[in-house]
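Structure record follows, encoded as structure tokens.
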Amino acid sequence: MRNDLSIYRTYAPNWWDGSQRFLRLLHNLVPARLTYFDGVVGTWHGMTVLDLGCGGGFMSEALAKRGATVIGIDPIAAAVEAAMAHAAEEGLGIDYRVGGGEAIPLADRSVDCVVCVDVLEHVADLDRVLDEIARVLKPGGLFLFDTINRTMLAAFVIVHVGESVLGLLPRGTHDPAKFIKPSELSAKLVARGLSVGQIVGLGPCGLNRRLDFTFGRLPSVQIMYAGHARAPADR
């Protein structure tokens, strides 16, 4: 089975305990993502940010610690429960809710920013999710994202090597048919009235003490990429 999202339910209790390598990799991606996102946003203070597909809260907590008012939404109730429990331990007031990207449980034009990482390549209906993101963004609001490029190299590295050979991810985590080319995603965002900014490559760039990959900017977008788009100010 491909695009098996049940793993996020199965391993939700382990989200923060460091026992699962693929969750440690997701945590290790946060600094690389934020290095790019911070440069786009400038300051998070005073912003209402939706972390769409928040899982157990790695990105949500990082954003809250930067001063954002964070709403975390995920369809996996067990992951949301793990996120809520950890945020309470950390004393962070994050508004976590169970919900999906195809029907975001927020009002129109209600958030300054939507952050969507490790999500777009998994959703059931990408067009509907992008419609919903555009709907909830305030005028001039930002959409920050990363996803996986639909290339033979990405399928080989992430699915064959990452899942089957090295076991960095559980088998079946990804369906390479759902990977998204930057040109396709950009066109879909433009069609919804958003202006697309710089798209950059992301990927592994080193190892830490646990021999887990660390991540950073790469010169190529052939495997993973991050980008941003902005809603029109006069919408």
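All of the numbers you see were taken from the coordinates with simple rules; none came from a lab. Note that the coordinates shown come from a computational prediction; the quantities given were computed from them, not determined experimentally. Note: ideal-geometry Cβ built from the backbone for every residue, glycine included; neighbour counts use all protein chains shown.
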Fluctuation leader among 120, 153, 52 - the chain, Gaussian network, Cα springs under 10 angstrom | 153
For the stretch 1-72 and the stretch 128-143, compute the distance between their C-alpha centroids and round to whole Å.
-> 19 Å
Nearest 5 is fine: what % of DSSP beta bridges in the chain come out antiparallel, could you say?
-> 55 percent
Pairs of Cα atoms under 8 Å, at least six residues apart: use those to get the relative contact order of the stretch 6-230, whole percent.
-> 19 percent
So what's the back-of-envelope 222 nm ellipticity for the chain, counting only DSSP H runs of four-plus at -39500 (n - 2.57) apiece and dividing by all residues, rounded to 500?
-> -9000 deg cm²/dmol
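Is the shape of the stretch 14-54 rounded, prolate or oblate, going by the alpha carbon gyration tensor and its root eigenvalues a ≥ b ≥ c, with a/c under 1.5 for rounded and a/b larger than b/c for prolate?
Prolate.
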About its Cα centre, the chain carries a charge dipole, from +1 on Lys and Arg Cβ atoms and -1 on Asp and Glu Cβ atoms, whose size in debye to the nearest 20 is 500 debye
In a GNM of the chain with a 10 Å cut-off on Cα contacts, which of 78, 177, 12 has the highest mean-square fluctuation?
-> 177
Let me have the relative contact order for the stretch 97-153, percent, based on Cα pairs under 8 Å that are six or more residues apart.
-> 46 percent
Taking neighbour counts of Cβ atoms within 10 Å as a proxy for exposure, in what order, fewest first, do 112, 4, 146 appear?
-> 4, 112, 146
Only Cα pairs under 8 Å and at least 6 apart count here; give the relative contact order of the stretch 161-235 as a rounded whole percent.
-> 27 percent
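Under a Cβ-Cβ cut-off of 9 Å, what is the net charge of the residues other than residue 212 that fall near it, where Lys and Arg count +1 and Asp and Glu count -1?
Details: positive: 21, 24, 209, 210; negative: none.
Cβ neighbours under 9 Å give a net charge of +4.
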Residue among 10, 107, 142 farthest towards the positive dipole end of the chain, charges placed on Cβ | 142
Would you mind ranking 1, 224 by Cβ crowding within 10 Å, fewest neighbours first?
-> 1, 224
